[in-house]
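Read through the structure below, which is laid out as structure tokens, and then see the notes.
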Amino acid sequence: MQLTKKKGRIVGLLFLIIITLGATSLNFRGLNSTLLASETILLDVFEQATQMRLAIVLNLIAGLMWLGIAIFLFPCIKHISRSLAIWYVVLLVIQFGAALMGDIGHLSLINLSQQVQDIPVAEMTYYNTIGKVLVHEYFWGHFFSLMGYSSATFLLFIAFFRGKWVPRFIPVWGMAAMLFVFFASAVQLFDIKVSFWFYQQNGIHFIFMTLWLLVLGFRTTTIERPSLNA
């Protein structure tokens, strides 16, 4: 099976689209510590409902594109290791499911904000508390999604490394960044706050790798089938 520069550039283009969608979705999402501290959280959500829905749609498209990349690269990864290729897809499906659960929680929050618009402000304390619970529900889904993403992408970088698709410092750097993301997301499930630095490494690496693939693509090589006696 031939691994071509064109395939690398296609993957780089898909990565670039995912970066754009992810950054736009994050900007429009509007769920943060400032919102949680607000005494009028449901009113704030109601006023941002349209852009929040857009954020959810963009996030779903990005998730589907990750699955598309997994399907596109599956034959190449399979020739390195069949189990590696299968687990890469399985973990991305789990990641997509966790992200979807978080988005459902966010949609429930938007729906709640619409249902309580006629309720007097003095009686909103109870509903605002429910709203904050739904925000936390989104964050739990988000952290589980990041754990699935980092696990799946770690396997992708193993394929990059073993297949020598790009210079080996790129997947090694990527695997380290994925470990940081997994650790930072896992500890937050126990209400342990960590520096955003743990996530920045992924962003810096991902942008660098995307630019590399867009310009240079994959190394041109023939992926041989593993020996049946291996």
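Identify, by number, the condition in (1) surrounded by fewer than 19 Cβ atoms within 10 Å (Cβ to Cβ); (2) among the β-branched types (Val, Ile, Thr); (3) modelled with pLDDT of 90 or more; (4) more than 15 Å from the chain's Cα centre (by Cα) that Thr222 doesn't meet.
(3)
Can you tell me which residue is surrounded by the most Cβ atoms within 10 Å (Cβ to Cβ) among those in region 203-219 that are at pLDDT below 95 and touching a Phe, Trp or Tyr at 6+ places or on another chain (Cβ under 7 Å)?
Looking at residues that are at pLDDT below 95 and touching a Phe, Trp or Tyr at 6+ places or on another chain (Cβ under 7 Å), I get Phe218.
Looking at (1) surrounded by 14 or more Cβ atoms within 10 Å (Cβ to Cβ); (2) within 15 Å of the chain's Cα centre (by Cα); (3) at pLDDT below 95, which is the one condition that is false for Arg162?
Here Arg162 clears every test but (2).
Under 6 Å between Cβ atoms, at least 6 apart or on separate chains: pull out the pairs that start in region 96-114 with a residue that is over 15 Å from Leu31 (Cβ atoms) and end on any residue that is crowded, with 20+ Cβ neighbours inside 10 Å and among the polar types (S, T, N, Q).
Between residues of region 96-114 that are over 15 Å from Leu31 (Cβ atoms) and residues that are crowded, with 20+ Cβ neighbours inside 10 Å and among the polar types (S, T, N, Q), the close pairs are Ala98/Ser145.
Residues checked against (1) of a type outside the set (Phe, Trp, Tyr); (2) in contact (Cβ under 8 Å) with a residue 40 or more places away in the chain; (3) within 30 Å of Leu3 (Cα to Cα); (4) touching a strand residue (DSSP E or B) at 6+ places or on another chain (Cβ under 8 Å):
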residue: Phe139; (1), (2), (3), (4): no, yes, no, no
residue: Lys164; (1), (2), (3), (4): yes, yes, yes, yes
residue: Gly174; (1), (2), (3), (4): yes, no, yes, no
residue: Phe208; (1), (2), (3), (4): no, no, yes, no
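With the structure loaded, tell me whether Phe28 is crowded, with 18+ Cβ neighbours inside 10 Å, free of Cβ contacts under 8 Å to residues at least 40 places away in the same chain, out of contact with any strand residue (DSSP E or B) (no Cβ under 7 Å at 6 or more places or on another chain) and closer than 22 Å to Leu146 by Cβ or whether it fails that test. Spell out how you get there, then give the answer.
Working: crowded, with 18+ Cβ neighbours inside 10 Å: yes; free of Cβ contacts under 8 Å to residues at least 40 places away in the same chain: yes; out of contact with any strand residue (DSSP E or B) (no Cβ under 7 Å at 6 or more places or on another chain): yes; closer than 22 Å to Leu146 by Cβ: yes.
The answer is yes for Phe28.
Within region 182-206, can you find the residues that are in contact (Cβ under 8 Å) with a residue 40 or more places away in the chain and over 28 Å from Leu13 (Cβ atoms)?
If the condition is that a residue be in contact (Cβ under 8 Å) with a residue 40 or more places away in the chain and over 28 Å from Leu13 (Cβ atoms), then Ala186, Gln188, Leu189 are the ones that fit.
The values are calculated or read from the model by the stated rules, or taken from the named source; none is laboratory data. Remember, predicted model here, so these are calculated numbers, not experimental data. Ideal geometry is used to build each Cβ from the backbone, glycine not excepted, and the neighbour counts take in all protein chains shown.
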